[in-house]
Amino acid sequence: MGSCRVYPVARERLGLSLPNLELTIGGGKLHSYRVYRFSDLLGLDLTPFFLYPSHDMKYGEQQTFEITRVDHQGRGCGLVNDRPACANFVVPGEIIEGKFVGRKKGVKKFEAERWLKTSPQRIKPACQQAGQCGGCAWQHIKYEYQLELKRELINQALQAGKLNREIDAVIPCLQQFYYRNRMDYCVGDRGEVGLKKPGRWNQYVDLKECRLMSPEAEQILNIFKSWLNDNQVEPWNVFKQTGYARYCVIREGKNTGERLITIVTAEGELPAESDLLSQLTPLATTIYHGVNPSVTDLSLAPQLELLQGKPWLTEKIAGCLYQIPPNSFFQTNTLMAEQLLKTIRRHVDTAKTQRLLDLYCGVGFFAIGLAAAVPEVYGVELDETAIIAARANAQLNALNNVQFDSAAAESLIWKDFRPDTVIVDPPRSGLHPQVIATLLDQQPPNLIYVSCKYESFIRDWQQLSAAYELTDLQALDLFPHSPHVELVALAKSRCN
């Protein structure tokens, strides 16, 4: 086979310890991996290891291939030399000529440069920088087809996870642009302000517009950019881990007209603070200076200084008011959050719920939104600031049947509550194993699993299915122009 590639994990387990040299077998040459003569491998059992023929491809090499599907990252996928390949901003059915830019986890990555065949599902994006920015993976695809692609992705994952269920349709978002109520705009090392390129942690797109949040957010970005340039503020450099300006985080109350801005920096005073405030104040009800002193590239600022306005953002959904602190989680699509709440409310009403447990409750979105329909509600959340807000939100809505505690879900502080319905809305990583074990042990009659990453739900369901039967599964599009989708599952205990 000319030459062979032995991956590092296999090389280590095989005990191969040749010097880091480029050796050749039959003229083959590998620059990314060590290459061994066949004589070095004689007598070794290679069956358990990944041993592939060498199909090296040079950076910039051109290849033509057909896009046959999309993956969960929103990339278009096909085959090059019978091996998996992908490209961003393409559509199934298209034939492209692409430039090879790398390989990750066995998939060759290409940048599409020329289209030999385009899909009838392709449209002209509304944003001039769509096709460069990682904020919208699918703005070039007709919205109806986006929903179909999401449905296919979910059903493929359900089938792979051996769940005997299918999604018939994804509930569409009624507003496909300016739907987000939070955006974290990053500062690049060359002074760019915007979002990162798809799949790149260190490459930035300097946005001239953004259709995800609001026209006012675009104005704020322009003011922020001018402030950086006029005062020669040093941008944060992720390579050198030096600099000052890091993020401009904007949150909006879509139904209240409020707006909260957090300027996230490294340690130090804001240059020309009064000038910045005077320009931002007409566009914001609350302004914070947030400090992230660590080298970790996060928009979350552990140190917050309130520069102007009240300490929180207020939003109103389905008749309930929510005070949201700058660092606490809240559903990012206000319009569809109400649809999500209505979906869960139907399950809660049908189950005739008397005691509701809301795990990973945040500022109390589900707990407060459902409190009018349930005699007793208990919410648990790790973020102590969010719990303080949740308690304030209960008072704000004149609710006396809701209790909140600050604790990790896996602390099991809730295990003696004995609910008849449990809502879990975990982070993208899914449920903690101890949470799953306790649910299986107690088997509350009704379990409502809300997931923004269906792969995590499917993985967790492999264990939950031992005690629960899946009775309803719905998908809601909270994230237009992206491959992401919200899943709501209703499960009934087999013991009830």
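Take the conditions outside the structural domain of Ala392 (by TED's automatic domain parsing), modelled with pLDDT of 95 or more and within 30 Å of Phe365 (Cα to Cα) and apply them to Thr285. Does it pass? Answer is yes for this residue.
If you filter segment 461-474 down to residues that are surrounded by fewer than 23 Cβ atoms within 10 Å (Cβ to Cβ) and part of a strand (DSSP E or B), you find that the one that is nearest to the chain's Cα centre (by Cα) is Gln474.
Which ones in segment 231-281 are touching a Gly at 6+ places or on another chain (Cβ under 8 Å) and without any contact (Cβ under 8 Å) to a residue 24 or more places away in the chain? Result: Glu234, single match. Based on what the data block shows, is Ser299 in contact (Cβ under 8 Å) with a residue 12 or more places away in the chain, in the same structural domain as Leu195 (by TED's automatic domain parsing) and of a type in the set (Gly, Ala, Ser)? Spelling it out, Ser299 is indeed in contact (Cβ under 8 Å) with a residue 12 or more places away in the chain, in the same structural domain as Leu195 (by TED's automatic domain parsing) and of a type in the set (Gly, Ala, Ser).
A search for C-beta distances below 6 Å between a residue of segment 75-87 that is within 19 Å of His140 (Cβ to Cβ) and any residue that is among the acidic types (Asp, Glu) and part of a strand (DSSP E or B), counting only pairs 6+ apart in sequence or on different chains, returns Gly78/Glu66.
This table checks each residue for (1) surrounded by 21 or more Cβ atoms within 10 Å (Cβ to Cβ); (2) of a type outside the set (S, T, N, Q); (3) assigned to a loop (DSSP other than H, G, I, E, B).
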{"site": "Val380", "(1), (2), (3)": "yes, yes, no"}
{"site": "Gln403", "(1), (2), (3)": "no, no, no"}
{"site": "Arg418", "(1), (2), (3)": "no, yes, yes"}
{"site": "Pro427", "(1), (2), (3)": "no, yes, yes"}
{"site": "Asp441", "(1), (2), (3)": "no, yes, no"}
{"site": "Glu455", "(1), (2), (3)": "no, yes, no"}
{"site": "Arg459", "(1), (2), (3)": "no, yes, no"}
{"site": "Phe479", "(1), (2), (3)": "yes, yes, yes"}
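Evaluation of Gly131 against the conditions (1) on the phi > 0 side of the Ramachandran plot; (2) out of contact with any Pro (no Cβ under 9 Å at 6 or more places or on another chain); (3) not assigned by TED's automatic domain parsing to the domain that holds His481 shows that the sole unmet condition is (2).
Residue count for segment 116-146 satisfying the condition of being aliphatic (A, V, I, L, M), farther than 21 Å from Arg200 by Cα and buried (at least 19 other Cβ atoms within 10 Å of the Cβ): 1. Take Gly78 and tell me if it is touching a strand residue (DSSP E or B) at 6+ places or on another chain (Cβ under 8 Å) and not in a loop (DSSP other than H, G, I, E, B). Answer is yes for this residue. The set of residues from segment 282-302 being within 19 Å of Glu216 (Cα to Cα) and either small (Gly, Ala, Ser) or crowded, with 20+ Cβ neighbours inside 10 Å (or both) comprises Ala284, Thr286, Ile287, Tyr288.
The values are calculated or read from the model by the stated rules, or taken from the named source; none is laboratory data. Note that the structure is a prediction, hence the values are computed from the model and not measured. Quick reminder, even Gly has a Cβ in these numbers, built from the backbone with ideal geometry, and neighbours come from all protein chains shown.
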